[in-house]
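The values are calculated or read from the model by the stated rules, or taken from the named source; none is laboratory data. The structure displayed is predicted, hence computed values, not measured ones. Backbone-built Cβ (ideal geometry, glycine too); neighbour counts: all protein chains shown.
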Amino acid sequence: MAPSCAYPSGIVPRPPLETASFAIFALPPRRISSKSTLASRALREWQEYEDAVREKDLARALRFLKTMDAAPNLIRPTTPRSPSSTPLFNSSISYTPDLPRPEKDWEVLDTCLNADDMRLVGTAYAFLRDRGLLASFGKCKNIVLDGTRDVTPTVLKELTGLEASKLAPKKWGLSGTSRILLLAFLGGSNLLISQGIDIRPNLAAALALAIIDAIFLGGTCLAQISCFWPPYRRRVLVHEAGHLLTAYLMGCPVRGVILDPIVAMQMSIQGQAGTQFWDENLEKEFAEGRLSSTAFDRYCMVLFAGIAAEALVYGEAKGGENDENLFRGVCLLLKPPLTVAQMSNQARWSVVQSYNLLKWHRHAHRAAVKALEAGHSLSIVIQRIEEAISSGS
């Protein structure tokens, strides 16, 4: 079961298949028929891949790409050469055995969201990495900031410049903004009532709907409405991009980023948005009844990366309550379970690690935020991350 980092994709234009043109003069009929058949076969097979991507069928899409690698003699029509370079009395169909198709390989990532088997998602990432497309995937897997493991609030401030309270997710009724909004709402309601406008029935109905939404839908309706407020949505993007980038750099395959609260609810994700990632070592060790410090640290870094991203961009974090709940749940599954003091220390240490990792890759995080904001799919977002890291800007 892939962890879901919670907080509170767009149709990607694909390059069309290259078409083949035919020169029918001065060619033996049998040769035309043979190459026409091969061209039709190639186009039909690549259309099957396009269908698999559109239907988000990861197994079928990945099987097709592996077949192409396993059959180097399998041909595909490519763009014909210019007439000046094409010998007379020769077909203008050209074929390539090495299949230069990186833009097509990337699209397999867009099929991961509907995959039930996370091992298959891991296979897709390994396939692209072996083809040299995911150069930065897992590049920071073994990088941990040197220093003390005992991260007190004082040490946290020294390392990040932020108070511990700035990294605590805000809950309704506890933040200064919430209190101001509540007082303004009550004052406005009292003013309307004093003017003879009785809005108490409307308030009662709105309150009842809010309670029903909170109890039965986890606040999904309110979150959906809040997403139309640009500052709120921007903060969600910053938060989820932090999870995505950290998971990617730590070598954890990302299944997808869900930004729509309704979709998140349908996928049984805690919270109103989420980044689903998978750690093979973590799952294997849990199945064996153990958990190494390396796997646990990596998981915690990804889990607290959303809070770290908000702190890096805004100077404080407001989201991440469900991230903390997931963290506590895992800590209680350990044998022996962590104490409250140990949980707090591990959380602060993880935030420091993620904060510095994102700080070093600030340009890649910014690229991920922009790609998510534009509604791009997972494959495009990861391409933007790779481009930002390779260019260093």
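A few comments on the model shown:
Residue by residue, here is whether (1) part of a helix (DSSP H, G or I); (2) of a type in the set (D, E, K, R); (3) under 30 Å from K104 (Cα atoms); (4) not assigned by TED's automatic domain parsing to the domain that holds G122 holds:
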{"site": "D297", "(1), (2), (3), (4)": "yes, yes, no, yes"}
{"site": "F327", "(1), (2), (3), (4)": "yes, no, no, yes"}
{"site": "L338", "(1), (2), (3), (4)": "no, no, no, yes"}
{"site": "M343", "(1), (2), (3), (4)": "yes, no, no, yes"}
{"site": "Y355", "(1), (2), (3), (4)": "yes, no, no, yes"}
{"site": "V369", "(1), (2), (3), (4)": "yes, no, yes, yes"}
{"site": "L372", "(1), (2), (3), (4)": "yes, no, yes, yes"}
{"site": "E386", "(1), (2), (3), (4)": "yes, yes, yes, yes"}
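- Screening D105, D110 for residues that are touching a Leu at 6+ places or on another chain (Cβ under 9 Å), at pLDDT 90 or above and outside any loop (DSSP other than H, G, I, E, B) leaves exactly one candidate, D110.
- Cβ pairs under 9 Å, 6+ apart, first in region 125-152 and over 18 Å from A247 (Cβ atoms) and buried (at least 16 other Cβ atoms within 10 Å of the Cβ), second at pLDDT 85 or above and among the basic types (K, R): V151/R348
- Counting the residues of region 300-338 that are touching a Gly at 6+ places or on another chain (Cβ under 7 Å) and at negative phi gives 9.
- Residue count, region 267-305 (criterion: within 16 Å of the chain's Cα centre (by Cα), small (G, A, S) and modelled with pLDDT under 85): 3
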